[in-house]
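J.: Mind having a look at this structure? Questions to follow.
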Amino acid sequence: MNCYDCLGTPGPAVAVCIRCGAALCRTHVHESHPPTQDITGTGRATHEKPARHITCGSCRAAETS
């Protein structure tokens with residue numbers, strides 16, 4: 001599978017965007033580590049370790065706007 005965002009010579013994909021499903025190479029992947037939360041009873045439980053969140057440039061821009 002090749003990177004969706006590469007122009008010209010496509011690079012090999014190493015990840016897939018969690019939002020839109022686009023394949024991404026190492027150059028175009030955006031990784032963040034938001035806190036992981038579960039709804040428990042009447043509140044939320046935050047886990048100690050954050051989750052890995054992989055997005056493409058378009059989805060990252062939409063999330064941070």
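Taken together, the values in this text are just the output of simple stated rules run on the coordinates, not laboratory data. This is a predicted model, so every value here is computed, not measured. Note that each Cβ is placed from the backbone with ideal geometry, even for glycine, and that neighbours are counted across all protein chains shown.
J.: With +1 assigned to the C-beta of every Lys and Arg and -1 to the C-beta of every Asp and Glu, and no other charges, what is the dipole magnitude of the chain about the Cα centre in debye, to the nearest 20? List each step's numbers first, then the result.
T.: On the way: 6 positive and 5 negative charges, 6 e Å.
About 20 debye.
J.: With Rg and the Kirkwood Rh both taken from Cα atoms, where does Rg over Rh land for the chain? Can you show the working numbers first?
T.: Numbers: Rg = 14.8 Å, Rh = 13.2 Å.
Here the Rg-to-Rh quotient is 1.12.
J.: Quick one: what are the phi-derived ³J(HN,Hα) couplings along region 10-18, Karplus 6.51/-1.76/1.60 with θ = phi - 60°, whole Hz, x for glycine and proline?
T.: So the J values, rounded to whole Hz, are x, x, x, 6, 10, 7, 10, 4, 5.
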